[in-house]
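Inspection log for the structure reproduced underneath, given as structure tokens.
The values are calculated or read from the model by the stated rules, or taken from the named source; none is laboratory data. Please read these numbers as outputs of a predicted model, since none were measured by experiment. Backbone-built Cβ (ideal geometry, glycine too); neighbour counts: all protein chains shown.
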Amino acid sequence: LFQELAPAPDPPVYATTVAYNKDPSPDKLHLGIGVYRTEEGNCHTLNVVKQVERMLANDLSADKEYLPITGMPEFNKLSAELIFGCGSPAIKESRVATVQCVSGCGSLRLGAELLAKLYNQHVVYLPEPTYGNHPNLLSAAGLTLKTYRYYDPKTHGLDFQGLMEDLGSALTGAIVLFHASGHNPTGVDPTCEQWEQIRRSVRLRGLLPFFDCAYQGLVSGNLDADAQSIRMFVCDGGECLVAQSYSKNLGLYGERIGSLSIVCKTADVAKRVESQLRLIIRPFYSNPPIHGAAIVTAILKDRGLYKEWTAELKAMSDRLVGVRRQLFDALCSRGTLGDWSHITKQVGMSTFTGLNEDQIDFLTKEHHIYMSYDGRINIGGLSSKAVPYLADAIHDAVNR
Ligand code: PMP
């Protein structure tokens, strides 16, 4: 069996991790994979999560019974409120179908499966560039991929004109994927005014927005502000899909916990959509795991724990802003060629440095710095004490 089978290549981000793990240098830095780390370089477990883990461990009445196919009902209700806001008209009118999913990727894939099976338009437009797994997740479900212009390498900012032109000429009814906030890999988000223009264009052309919300709270430090783009599209009474992840904002990477919400026109449609999601989930994985949902639910339903979470999130996002500033200052003080102000203008966990492949190769070979070839670095994986080392290396690569 499989005698002639060729080995599959590692996905790029894993290949970088493999190379990093093999490197014996004590100075090595891994800025590829999108994980928020402590100053010591460890994956950051939030205090509020540790507290809830202790509570759950002591709760002898809790069992491990199967969850319903669509997950823990309380988790779904609270997750929808977190994204759309408690007073959201769509929630009040029961127009939202929310189901627990296997984190952000599982939510994206489930949404794509639903659209491929039941929506009449199979073309999805992705921002150029986008999160590396988006094309895989959406095309594996059977959707056809196209792109819209997003990042302008000349300004290191948004190509707003290109974006609007591409939305303006998109196929009627096509699906458009948006990053709700903290765009990965560029760290470039539209302003509120730009979102409003995007919203108008989307509605005018009858496009279907599909939001990926993987960094809520980590961008501005405020959970409501980071969901503002989505809420603008819900306030107008129109439809949209939202894939939500708790990997980054609760540090629950390995728990694989998130949700998919479909905002519908009526409560009756939402009910039918939910029933169809059950049909898709059942032959996939039958029902989702319980532990991550229990952690999230405990935090979202308790005022005290929720407050602690928001305080921790604010501290995390402040650290990201601080590290950006330190890197920018360090490059300026070294007189590194070029304008690096985009490092502080971009937001969230990712920064698109503008370094080219040759410079990235140099950083890896000469300085043991591992990152993806598009020039993105994970600011969340950069400690303050590593900033001078990174700045020296970038200076060396750029000023050669
Ligand atoms: N969307 C984006 C934009 C991401 O950056 C990521 C993770 N890096 C995901 C989705 C998937 O996250 P998860 O681990 O929750 O599946």
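A few remarks follow.
- Residues in the stretch 57-79 that are in contact with a helix residue (DSSP H, G or I) (Cβ under 6 Å, 6 or more places away or on another chain) and of a type in the set (A, V, I, L, M) were compared, and the one that is nearest to Y246 (Cα to Cα) is L78.
- Residue that is buried (at least 23 other Cβ atoms within 10 Å of the Cβ) and in contact (Cβ under 8 Å) with a residue 12 or more places away in the chain, where the choices are L108, L118, L145, L167: L108
- Within the set T147, T172, T155, the sole residue that is under 27 Å from K345 (Cα atoms) and assigned to a loop (DSSP other than H, G, I, E, B) turns out to be T155.
- Selection count where residues are small (G, A, S), surrounded by 21 or more Cβ atoms within 10 Å (Cβ to Cβ) and over 12 Å from the mean Cα position of the chain (by Cα), scope the stretch 228-250: 1
- Being touching a residue at least 24 places away in the same chain (Cβ under 8 Å) and in contact with a Lys or Arg (Cβ under 8 Å, 6 or more places away or on another chain) holds for only one residue in I257, I280, I230, I262, and it is I280.
- Among the residues making up the stretch 110-140, those that are within 16 Å of the ligand (Cβ to nearest atom) and in a helix (DSSP H, G or I) are L110, G111, A112, E113, H134, P135, N136, L137, L138, S139, A140.
- Members of the stretch 47-102 found to be within 19 Å of E239 (Cβ to Cβ), among the small types (G, A, S) and surrounded by fewer than 22 Cβ atoms within 10 Å (Cβ to Cβ), listed by number: G85, S88, S94
- Among the residues here, F178 qualifies as at negative phi, of a type in the set (F, W, Y) and within 12 Å of the ligand (Cβ to nearest atom).
- Scanning the stretch 254-280 for residues that are surrounded by 19 or more Cβ atoms within 10 Å (Cβ to Cβ) and within 16 Å of the ligand (Cβ to nearest atom), we see that the one that is nearest to I198 (Cα to Cα) is S261.
- Among (1) within 22 Å of the chain's Cα centre (by Cα); (2) more than 16 Å from the ligand (Cβ to nearest atom); (3) free of Cβ contacts under 8 Å to residues at least 60 places away in the same chain - the single one S61 does not satisfy: (1)
Residue-wise test of (1) in contact with a Gly (Cβ under 6 Å, 6 or more places away or on another chain); (2) of a type in the set (D, E).
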| position | (1), (2) |
| --- | --- |
| D23 | no, yes |
| G32 | no, no |
| Y36 | yes, no |
| E40 | no, yes |
| L60 | no, no |
| T70 | no, no |
| L78 | no, no |
| C101 | yes, no |
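- Those residues of the stretch 201-228 which are out of contact with any Asp or Glu (no Cβ under 6 Å at 6 or more places or on another chain) and on the phi > 0 side of the Ramachandran plot, in sequence order: G206, G221
- Every residue from the stretch 182-227 that is under 13 Å from the mean Cα position of the chain (by Cα), part of a helix (DSSP H, G or I) and not aliphatic (A, V, I, L, M): D226
- All conditions but one from (1) surrounded by 21 or more Cβ atoms within 10 Å (Cβ to Cβ); (2) farther than 21 Å from D10 by Cα apply to K385; the one that does not is (1).
- Residue check for S107: within 16 Å of the ligand (Cβ to nearest atom), assigned by TED's automatic domain parsing to the domain that holds D224 and in contact with a Cys (Cβ under 6 Å, 6 or more places away or on another chain): yes
- Any chance T17 is polar (S, T, N, Q), within 16 Å of the ligand (Cβ to nearest atom) and not assigned by TED's automatic domain parsing to the domain that holds R278: yes
- Screening the candidates D152, D166, D159 for the property of being of a type in the set (D, E, K, R), modelled with pLDDT of 95 or more and within 14 Å of L207 (Cα to Cα) yields one hit, D166.
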